[in-house]
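A.B. asks: My questions will all concern the structure given below.
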Amino acid sequence: MLEDTIFHKIIRKEIPSDIVYEDDDVLVFKDINPKAPTHVLLIAKKPEDFVSSIADLTDETAHVSLMLIRKAQKLAKEKRIDGYQLKFHVGKGGGQEVFFLHLHLLSQQSLGLG
Ligand code: 5GP
């Protein structure tokens, strides 16, 4: 495998994570070092949807970023969170540590998931 990051291992359940939502396309789990009462990360699960960073998005993979944003929006709505931040860190200079495209969802409100 060319790319194998910690998030690949989380998808394969080789390392534990606190999963708050999962379907065939997207995995949402709590950030290990939360910066807000709600701080979860959204990633695309399918190998064909793998993108390392927003910096590497192409016309063929742009739908992946939209999928993550839509899922974050739906999750927030479902959990009745009415104010939140969505962040992509882009590149080392942008604070990106894990080169597996992920969307941060942060809120001062709690997700209510314990
Ligand atoms: P980045 O700076 O790359 O956008 O964010 C990576 C995020 O992943 C950081 O907020 C960091 O706390 C989180 N993180 C790194 N390793 C792990 C891990 O093993 N498990 C979980 N749940 N989060 C992680």
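A.B. asks: Taking H placed 1.01 Å from N in the peptide plane, check which residues at least 5 places from LYS45 or on another chain put their amide H under 5 Å from its amide H.
C.D. replies: Here VAL26, LEU27 satisfy the definition.
A.B. asks: Given only helices, namely DSSP H runs of n ≥ 4 each adding -39500 (n - 2.57), what is the per-residue ellipticity at 222 nm of the chain, to the nearest 500 deg cm²/dmol? List each step's numbers first, then the result.
C.D. replies: Details: 2 runs with 23 residues, N = 114.
Helix contribution divided over all residues of the chain: -6000 deg cm²/dmol.
A.B. asks: For the range 30-74, what number results from the quotient of the Cα radius of gyration and 2.2 N^0.38 Å? Can you show the working numbers first?
C.D. replies: Values: Rg = 12.0 Å, N = 45, 2.2 N^0.38 = 9.3 Å.
Here the answer is 1.28, to two decimals.
A.B. asks: Tell me, what is the percent relative contact order of the chain, built from C-alpha pairs under 8 Å that lie six or more residues apart? Walk me through the numbers on the way to the answer.
C.D. replies: Numbers: 162 pairs, mean separation 34.9, N = 114.
After rounding, I find 31 percent.
A.B. asks: Using modelled amide H (1.01 Å from N, peptide plane; none on Pro or chain starts), what sits under 5 Å from the amide H of GLN109, excluding residues fewer than 5 places away?
C.D. replies: Excluding prolines and chain starts, which carry no amide H, the hits are THR38.
A.B. asks: Next question, about the same structure. Would you mind working out the magnitude of the charge dipole of the chain relative to its Cα centre, with +1 at each Lys and Arg C-beta and -1 at each Asp and Glu C-beta, to the nearest 20 Debye?
C.D. replies: Values: 15 positive and 17 negative charges, 108 e Å.
Here the chain has a charge dipole of around 520 debye.
A.B. asks: Okay, moving on. Keeping all protein chains in place and using 1.4 angstrom, which order do ILE32, ILE54 fall into by accessible surface area, from largest down?
C.D. replies: ILE32, ILE54
A.B. asks: If you don't mind, there's one more thing I want to ask. Pop a pseudo-label 7 angstrom from the Cα along the beta-carbon direction at both GLU22 and HIS63 and give the gap in nm to one decimal.
C.D. replies: Distance between label points: 2.4 nm.
A.B. asks: Follow-up. Which distance in Å, rounded to a whole number, links the C-alpha centroids of the range 73-114 and the range 13-39?
C.D. replies: So the two Cα centres are separated by 10 Å.
A.B. asks: Using the Karplus curve 6.51 cos²θ - 1.76 cosθ + 1.60 with θ = phi - 60°, what ³J(HN,Hα) values do you get for each residue of the range 65-82, in whole Hz, with x for Gly and Pro?
C.D. replies: With coefficients 6.51, -1.76 and 1.60, one gets 5, 5, 4, 5, 5, 4, 5, 4, 4, 5, 4, 4, 5, 4, 8, 6, 8, 9 Hz.
A.B. asks: Going by amide H atoms built from the backbone, whose H comes under 5 Å of the H on VAL20, apart from near neighbours?
C.D. replies: It is VAL28, PHE29, LYS30, by chain and number.
A.B. asks: Shifting gears a bit: How much net charge surrounds PRO47 when only other residues with a Cβ under 13 Å from its Cβ are counted (Lys, Arg +1; Asp, Glu -1)?
C.D. replies: Values: positive: ARG12, LYS45, LYS46; negative: GLU3, ASP4, ASP24, ASP25, GLU48, ASP49.
Here the charged neighbours net out to -3.
A.B. asks: Now for a different question. What percentages make up the Cα-Cα pair-distance distribution of the range 6-107 when the bins are 5 Å wide from 0?
C.D. replies: Histogram of Cα-Cα distances, whole percents per bin: 2, 13, 25, 27, 20, 11, 2.
A.B. asks: So, in nm, how far is label LYS9 from label ARG80 when the simple model puts each one 7 Å beyond its Cα toward the Cβ?
C.D. replies: Spacing of the two 7 Å Cα→Cβ label points: 3.8 nm.
The values are calculated or read from the model by the stated rules, or taken from the named source; none is laboratory data. Just so you know, these numbers come straight off a predicted model, no measurement behind them. In this analysis, Cβ positions are derived from the backbone assuming ideal geometry, glycine residues included, and neighbour counts consider all displayed protein chains. Ligands, DNA and RNA are stripped out before the accessible areas are found, and what is left, the full protein with its side chains, is counted by its heavy atoms. Shrake-Rupley method; radii C 1.70, N 1.55, O 1.52, S 1.80 Å.
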